[in-house]
Structure formats: C-alpha cells, structure tokens
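Peer 1: Here's a structure for you.
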Amino acid sequence: MAFNYAEYIRPGKLPHIWCPGCAHGTVMKSIIRAIDRVGLEKDRTVIVSGIGCASRMPGYVDFNTLHTTHGRSLPFSTGVKLADPGLNVIAVAGDGDALAIGGNHFIHTCRRNIDITLIVFNNNIYGMTGGQFSPTTPHGKLASTTPYGNPDYAFDVVELAMGAGASYVSRSTAYHAIPLERQIADGINHKGFSVIDALCTCPTTYGRRNKLGSAVDMIGWFKDNTVGIKAAGKLPPEKVEGKILTGVFRKEEKPEYCDEYAKIIEKTGGRS
Amino acid sequence: MAKSVRKDETVVTEYGDRKINVITRYCKGCDICVAFCPVDVLEMKDFKVHVARIEDCTECMLCEVRCPDFAIEVVGSGKKGKAK
Amino acid sequence: MSGKDVFYQGNEACAEGALYAGCRFFAGYPITPSTEVAEFLARRLPTVGGAFIQMEDEIAAMAAIIGASLVGKKSLTSTSGPGFSLKMENLGFACLTEVPCVIVNVMRGGPSTGLPTGPSQSDVMQARWGTHGDHPAIALAPDSVQEIFTETVRAFNISERLRTPVILLTDEIIGHMRERITIPPEGELEIWERPRPTVPPDQYKPYDISEGIIPPMADFGSGYRYHVTGLNHDETGFPTNNPSLVQPEEERLMAKVTENLDLIQKYEYFEKPKARIGIVSFGSSARSSRAAIRMAEEEGIKVDFLRLITLWPFPTDAAVQMADKVDMIIVPEMNLGQMIEEVQRSIAGKAETVGVNRVDGDPITPTQILDRIREVA
Ligand SMILES: Cc1ncc(C[n+]2csc(CCOP(=O)(O)OP(=O)(O)O)c2C)c(N)n1
Ligand code: SF4
Ligand code: SF4
Ligand code: SF4
C-alpha cells in the first residue's frame, strides 16, 4: 500500500527545490517513513537543520521546524532538547554542514550523548554553493575548488562518530532506502546521540564533474560498492576490499545527557 | 486490462485493484524508478515516467520508495504480479 | 516586603537578575572577565528547575539559547570580546527570526585576545553593527552592581516584549566590583513575557502582524507547528524573495525598536544651572565622570552630565538637549572614540565635542576627566 506522505508534507510545498535525481529527496522520504514507523507525535517533534541543499529539508515537513545557520543544527538542537527533554529532536545536515563548519559541534554532541538523531546527507560535496570539495570528498576527486584533484583526505563519518563517543552509529545509502529508514527509526528510538551516515548523491555538481554518470548510475554504484557489516564478516576478504561498509556499527546503552541533568536538578532540590 | 486516466495532476494507471499514480508535476524525469524497477514496468516518455506494463508489477514499492520527488505511488492489490 | 541585601560582584548580580526575570536556560563558554555569570548559573539554575550547559564554543552557546528560547524558555548567554565576535552570526539569526534572548558582554580590551583582564568599552559599535546586514540593536550599559541587576531584568523584559535579542554591555570593572545590593522581593519589579498566540494552531501564522508589529510567538512543542528560518520569510515563516514582502519585513524589524523608544531608552540627565560644559558617558567611565564633575564643581566649574543607560537605540534627544545648552561635550569612554561619533551625529554640530579615551587596560580616572574639563573650561 502506498505510503501516505501527504500526512507529513506541508501543503503546497512540493515540488521541492532539489535537482532531478538528487537523492536528498529519497533520504527525506526515509526520514518521514521512519518517523511514522516510530509513531512520533508531530506536535512534539522538532526538525533542525543548518544551511545547504540538505538543510532545506525541514521546510517541507509538517513538524516544528528550524532552519538555522551553516553548520549549527546540532547546537540549536541541543538548546531545544535540553530546554524541553520531552521533545523528539531530529537534526539533518549536509556533509559540509555537519563535518566542516559544524565539525566541532558534531564531535562534542557525540561526546555529550544527548538524545538527538542526526542524519548526515552525505553527498561528498558542497551542493548548494556549486560543487566545492567537502570533508567527505575522496582524495583525488574533482571539485570546483580542487580542479587538479582533491589533495585532502576524507572523513569517515562512522569512524568519526564512534571515536567521538556517539552511542548509536550507522550507515546506509539512498539505494538502500528501506534499511536507511529502519536505521533512522532505530536511531530515533535509541536514547542518546544517534548518527546516521546517509550516503546520497549530487549528480549536478559532483557526479557530472567526476564523470560518475547519471543519477541512476550514481545510485546504482551504491548497490555494487557497499557491503553490510554482518555479511562482510562472512565474505572472503577480496569481496570486501574497497567496499563501503553499511549497517549498524554501534548501539550502546549509555547515560543520556538530559537524564543526567535531570538528576542534577533532583539532587539540588529543583523542580521544573 | 490496464487503463490510464488523468485526474487533475495525477495520471492513474489501474490494473484490477492495483493502481500506480504518477504526479506528473512532481516528476523530474530522473529515471531512477525506471532503472531500478525489477520487472520493467516503467518507461520514460517525454521526460516523465510512464507506467507501461502495470500487469507485471510485483508491488515491491521500490519505485515509490526511491523516487526523490514524491512523484510515483503504488497502491497495491495485495496480489503480487501477474501469473507467469 | 523588603528585599534581600547581598554583597555581590557585578557578574553575580547579572546572573541573579536573570533568575529574577525568569531566565531558565543558560548556555555559555568560559571567558574572562565574564565567567562568574556562568559559574553562578551553573550552581543556581538546576535549583529552580532550569538548565545550564557549557557548550563547545560561543557559536554553539548562542545557537543553544536561541533553540531553548524557541521552546519558550527565557535564555541567557554571557561572554567577552572574542566570544562576542563569535556570537555575531547567530545573533543576526535571532534578530531576523525574532527570537528573544539576552547576551551579556563583559567588555575587555581588544581587538583579538587583547587585554583579557583589562577593562574596556570598545564593543559599543560591535553591539550596534556586529552582525552583518541591517538589523535592530538594543544595548544596555549599567554602571553599578545594583543597576546590573535591574538592567538585566529590563534586558529580559524588553527582549521578550519586542521579540528581539538584547545586549547587556558591562565591563571588567563593574563586572568584578563588589557592592551591597538589594534583591527586590518577587513581584516588586515587573516581569514581562513574550506575546503568545491567542488563535488556535490552524489559524496561527508566526509572523502575523495584523494585531501589531510584534507578532505573537508560539513555543515549539505546544501544538503550533511552524517553520523558522534565517532566510527572509513571509508571514507564514517560509522563505520568500519577493521584494514587496522583504523590504517591509526588514523595516518592521527596525520599527520594533524605533516605535518603542520609550520602553527601551533610559538615561539620567544631571543639570547644573548655567553649565557650559557637558559630559556624556556610560558604564564604569560614568563613575569616574561623576567624581570628576564633583571635583570640577569644587573648583567652580559647572558641568552637566548625561549618563546613558541605554546605548542603543542611542538617546539622541537627550544628547540634543545637552548640545542646545552647553558649548562643549566631553565623552569619556574606554576606547579610542566610538560613542563620541554617535554623539556628534546626534547633535549635528550644535556643540563642540572632545573625547577622553583610554585603551591601556587601566580605567579612566576622575583626574583625567577633570584635566579635560579644565582644558575646555
Ligand atoms: C557561515 C557560512 N559560510 C558559508 C556559507 C555558504 N554555504 C551555503 S551552503 C554551503 C555548503 C553546503 O554543503 P553541504 O553542507 O555539504 O550540503 P549540500 O548542499 O551538499 O546538501 C556553504 C559553504 C554560509 N551559508 N554560511
Ligand atoms: S546541487 Fe546537488 S545536492 Fe543540491 S539539489 Fe542539486 S543535486 Fe542535490
Ligand atoms: S512497485 Fe516495484 S514492480 Fe511495481 S512498478 Fe514499482 S518498482 Fe516496479
Ligand atoms: S523517480 Fe520519481 S522523479 Fe524520477 S522519473 Fe521516477 S517518478 Fe519521476
């Protein structure tokens, strides 16, 4: 049965601004279905973003939505969540937004383990500003500001989140939109900071410049170049080499920030 | 017999209880649904998706799930595909 | 009911004033000479069911208080020079999205790391124009520990009522100075709340100005689902680049301030009969000015005194009143001449002006000002 997206999309806001074949829309749909799957109350859910193509997502969906400044979705989210821990807070960000200008907030939110779910729309490029390299642009790839190939090395979002202490860390792709939905739902249900690395595509500024083919080719690439971590353990090494691992990398019960702060309020005799 | 009718912005293609709706104004013609339909139900026509062989549809929902533009929806009959 | 007398540092009075005003959320990042505001609230906020958080930097702190304010909590951050610079982008976000919040800047010497422990008043213009783009600005500059308390309360009140950020500019001297103050009993000082919607959620538009230029603001989570963006937006809150909508909205943001000068502007004018000299000053320099005026009077020189409590919007009328009477206006300030330019602009040549300026980390002394008075007398 068709999923009733209309229940979650603000009337009159479609079609969205994203380019033909931009996978941001696919990721947005996975988020909507995940929210539906978990059954979050719209009035009690806040979706926060920074700046970028990905960060336009909250404008389309019928929740309390907050489109902030470049890189700052997490500290805004932190203010919202700590001010009212009963709210469900979901942050969305592009890879540049989350990891370059927002990189400091990213690692500290991981460390703090506050109950926010972050979905990184990871398209390996700065889409909105026309294709400059981002912290997840692979070494050697072309961008408008790396015309001779990217001399930088990319962050691995999953490793970065794990190293910084996030308690739920997973990765999926726009090709794997259903597993992605499941991970997002899992992340929302997880009490603590959840990072979902959603690999997606920017055919317009990244695909074209790097001759990665059409939007279809780029989505299809995920099918052929990813391996689930569970399967990877059972496969011969040559089948895993060079592939991107997907799946849930960490799901750990760990004291959550607002819960810890509630204890402080209780200890000091405070009441809300 | 499959038939297609346009209702406002939506082209509805029906086959028994199965319906595939295409909201043409939203469709950006990216070809993603067409390329990944496991049974070749869909085609591109004038830069928009066209439901060519609804009778083959297995109602796997993958076109709907992957379409970035909310442009295609599959309303299932519960019966998967035509008898082969 | 009488109040409670305490011996407080300026920064503590600020924190206490915030609590009195109903502040229930603080986010900050340590920086001399403002840190005591944060330390005080780290102890006290949980005891009233509020929340304190030390963020990873000042950008994050500014972001967090805006987030908390959107949920309906009165929110504060405190900082000094370098941190104030970092807050600027999100300060502009609060201006454009009309989210109430209070920012305390305990001024220290700059630019850059400057003089971390030295007093200064060199962020006057940054408080006005620090964030990019045209925007409204409100800045208050108390000159005593008691006044830090009351002006902090007023900062929250104004911010809530006008839905715009308010900056409290203090400096290292009054921030760290200890004085006996009275904390008024609950209810003695008026506390204002932001306008909240009276219409049901389905009729709510976040920037609806049909009832006046301050649109009612719904708390996130209270059933009014709406969109907040730092892009120019229409009354529904969604982005627009329609020139006929953008221009009036930008002008309305300014009008919130210019149409409420009575609410915001506060100053003291001490007049001496037949004075030909006037002083305009604020903050800790006003304390030295007051002493200098007494010393001058002992020498037979009469000096009028305009003490600004509100720096922005600048009390132009008060400056003009002085310029209409005196020949010479002295402007002592711990910077190389910022407020004096605003005085000059306001009085448009009606009187001469001269500064007393100091940026070496020591306060302007009464004798320094007295010397200037003698020079121009
Ligand atoms: C402080 C600041 N610096 C720079 C910009 C310009 N800018 C807007 S979006 C963007 C990059 C967006 O890239 P990413 O976060 O990867 O998201 P995408 O557009 O690819 O979805 C930049 C640099 C800005 N808006 N604000
Ligand atoms: S520029 Fe790239 S990221 Fe932005 S909408 Fe287009 S395809 Fe998507
Ligand atoms: S539901 Fe599956 S089989 Fe049917 S058209 Fe869509 S992708 Fe093809
Ligand atoms: S995936 Fe969606 S937008 Fe792309 S061609 Fe198919 S229906 Fe159109």
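Peer 1: Please work out if residue A:155 is touching a helix residue (DSSP H, G or I) at 6+ places or on another chain (Cβ under 7 Å), away from chain B (no Cβ under 14 Å) and open to solvent by 50 Å² or more (accessible area, probe 1.4 Å).
Peer 2: Yes.
Peer 1: Condition check: within 16 Å of ligand 2 (Cβ to nearest atom), outside any helix (DSSP H, G or I) and open to solvent by 10 Å² or more (accessible area, probe 1.4 Å). Does residue A:52 satisfy that?
Peer 2: yes
Peer 1: Here's a follow-up. Can you tell me which residues in the range C:33-53 are at the interface with another protein chain (Cβ under 10 Å from one of its Cβ atoms), touching a residue at least 24 places away in the same chain (Cβ under 8 Å) and open to solvent by 10 Å² or more (accessible area, probe 1.4 Å)? Lay out the reasoning, then the answer.
Peer 2: Filtering the range C:33-53 for residues at the interface with another protein chain (Cβ under 10 Å from one of its Cβ atoms) gives C:42-53.
From what's left, touching a residue at least 24 places away in the same chain (Cβ under 8 Å): C:44-45, C:48-53.
C:44, C:48, C:49, C:52, listed by residue number.
Peer 1: I'd like to check something: does the range C:297-318 contain any residue that is more than 24 Å from residue C:130 (Cα to Cα), of a type in the set (Asp, Glu) and in contact (Cβ under 8 Å) with a residue 40 or more places away in the chain? Before you say what the answer is, go through the steps one by one.
Peer 2: Going residue by residue through the range C:297-318, those that are more than 24 Å from residue C:130 (Cα to Cα) are C:297-306, C:317-318.
Those left that are additionally of a type in the set (Asp, Glu): C:297-299, C:304, C:317.
Narrowing further to those that are in contact (Cβ under 8 Å) with a residue 40 or more places away in the chain: C:299.
Yes, some residue in the range C:297-318 is more than 24 Å from residue C:130 (Cα to Cα), of a type in the set (Asp, Glu) and in contact (Cβ under 8 Å) with a residue 40 or more places away in the chain.
Here is a yes/no grid of residues against (1) within 7 Å of ligand 1 (Cβ to nearest atom); (2) of a type outside the set (A, V, I, L, M, F, W, C); (3) within 13 Å of chain C (Cβ to nearest Cβ):
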| residue | (1), (2), (3) |
| --- | --- |
| A:79 | no, yes, yes |
| A:103 | no, yes, yes |
| A:110 | no, no, yes |
| A:137 | no, yes, no |
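Peer 1: Yes or no: residue A:43 free of Cβ contacts under 8 Å to residues at least 24 places away in the same chain, away from ligand 3 (no atom under 16 Å from the Cβ), open to solvent by 10 Å² or more (accessible area, probe 1.4 Å) and acidic (Asp, Glu)?
Peer 2: yes
Peer 1: It is to be established whether one or more residues within the range A:143-150 are open to solvent by less than 40 Å² (accessible area, probe 1.4 Å) and of a type in the set (Phe, Trp, Tyr). So that I can check it myself, show each step before the final result.
Peer 2: Applying the first criterion (open to solvent by less than 40 Å² (accessible area, probe 1.4 Å)) to the range A:143-150 yields A:143, A:146, A:149-150.
Subsequent filtering for residues that are of a type in the set (Phe, Trp, Tyr) retains none.
No, every residue in the range A:143-150 fails to be open to solvent by less than 40 Å² (accessible area, probe 1.4 Å) and of a type in the set (Phe, Trp, Tyr).
Peer 1: Here is a follow-up. So is residue C:202 in a helix (DSSP H, G or I), surrounded by fewer than 19 Cβ atoms within 10 Å (Cβ to Cβ) and within 14 Å of chain A (Cβ to nearest Cβ) or not?
Peer 2: Values: in a helix (DSSP H, G or I): yes; surrounded by fewer than 19 Cβ atoms within 10 Å (Cβ to Cβ): yes; within 14 Å of chain A (Cβ to nearest Cβ): yes.
Yes, satisfied.
Peer 1: Starting from residues that are more than 9 Å from ligand 4 (Cβ to nearest atom) and not in a loop (DSSP other than H, G, I, E, B), keep the ones in the range B:65-84 and report whichever is surrounded by the fewest Cβ atoms within 10 Å (Cβ to Cβ).
Peer 2: The selected residue is B:75.
Peer 1: So the check is Cβ under 9 Å with 6+ separation or different chains; which pairs have a first residue in the range B:54-72 that's facing chain A (nearest Cβ under 8 Å) and at positive phi and a second one that's assigned to a helix (DSSP H, G or I) and aromatic (Phe, Trp, Tyr)?
Peer 2: From residues that are facing chain A (nearest Cβ under 8 Å) and at positive phi, the pairs are B:70/A:5.
Peer 1: A further question on this structure: Looking only at the range C:32-43, which residues are in contact with a Phe, Trp or Tyr (Cβ under 9 Å, 6 or more places away or on another chain) and under 21 Å from residue C:105 (Cβ atoms)?
Peer 2: Within the range C:32-43, C:37, C:38, C:41, C:42 meet the criteria.
Peer 1: Just a yes or no: is a residue in the range A:113-134 more than 26 Å from residue C:59 (Cα to Cα) and either within 16 Å of ligand 4 (Cβ to nearest atom) or open to solvent by 50 Å² or more (accessible area, probe 1.4 Å) (or both)?
Peer 2: No, because not a single residue in the range A:113-134 is more than 26 Å from residue C:59 (Cα to Cα) and either within 16 Å of ligand 4 (Cβ to nearest atom) or open to solvent by 50 Å² or more (accessible area, probe 1.4 Å) (or both).
To keep it simple, each residue is scored yes or no on (1) surrounded by fewer than 24 Cβ atoms within 10 Å (Cβ to Cβ); (2) farther than 30 Å from residue C:236 by Cα.
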site: C:74; (1), (2): no, no
site: C:90; (1), (2): no, no
site: C:107; (1), (2): no, yes
site: C:114; (1), (2): yes, yes
site: C:123; (1), (2): no, yes
site: C:144; (1), (2): yes, yes
site: C:166; (1), (2): no, no
site: C:176; (1), (2): yes, yes
site: C:183; (1), (2): yes, yes
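Peer 1: Among the residues of the range C:322-338, how many are open to solvent by less than 10 Å² (accessible area, probe 1.4 Å) and within 17 Å of residue C:365 (Cα to Cα)?
Peer 2: 6
Peer 1: Sticking with this structure for a sec: Could you list, in sequence order, the residues of the range A:13-40 that are open to solvent by less than 20 Å² (accessible area, probe 1.4 Å), away from ligand 4 (no atom under 15 Å from the Cβ) and among the small types (Gly, Ala, Ser)?
Peer 2: Residue satisfying the conditions is A:34 alone.
Peer 1: Moving to a separate point now. In this structure, is residue C:31 among the aliphatic types (A, V, I, L, M), under 21 Å from residue C:127 (Cα atoms) and part of a helix (DSSP H, G or I)?
Peer 2: no
Peer 1: Which of the numbered conditions does residue A:17 fail, given that it passes all the others? Conditions: (1) closer than 26 Å to residue A:218 by Cα; (2) more than 9 Å from every other protein chain (Cβ to nearest Cβ); (3) away from ligand 2 (no atom under 15 Å from the Cβ).
Peer 2: The failed condition is (3).
Peer 1: What is the residue count in the range B:11-59 for residues that are near ligand 3 (Cβ under 8 Å from one of its atoms), surrounded by 15 or more Cβ atoms within 10 Å (Cβ to Cβ), more than 17 Å from residue A:1 (Cβ to Cβ) and not aliphatic (A, V, I, L, M)?
Peer 2: Looking only at that region, the number is 4.
Peer 1: Do you know which of the residues in the range A:81-101 that are assigned to a helix (DSSP H, G or I), touching a strand residue (DSSP E or B) at 6+ places or on another chain (Cβ under 7 Å) and more than 7 Å from chain C (Cβ to nearest Cβ) is surrounded by the most Cβ atoms within 10 Å (Cβ to Cβ)?
Peer 2: Among residues in the range A:81-101 that are assigned to a helix (DSSP H, G or I), touching a strand residue (DSSP E or B) at 6+ places or on another chain (Cβ under 7 Å) and more than 7 Å from chain C (Cβ to nearest Cβ), the one surrounded by the most Cβ atoms within 10 Å (Cβ to Cβ) is A:98.
Peer 1: Next question, about the same structure. Only one of C:69, C:144, C:75 is at pLDDT 95 or above, over 19 Å from residue C:164 (Cα atoms) and of a type in the set (Ser, Thr, Tyr); which?
Peer 2: Details: C:69 fails: over 19 Å from residue C:164 (Cα atoms); C:75 fails: over 19 Å from residue C:164 (Cα atoms).
After ruling out the rest, the residue left standing is C:144.
The values are calculated or read from the model by the stated rules, or taken from the named source; none is laboratory data. As the structure is a computational prediction, the values presented were derived from the model and not from experiment. Backbone-built Cβ (ideal geometry, glycine too); neighbour counts: all protein chains shown. Quick note on the areas: whole protein, heavy atoms, side chains included, nothing else; ligands and nucleic acids left out. Shrake-Rupley method; radii C 1.70, N 1.55, O 1.52, S 1.80 Å.
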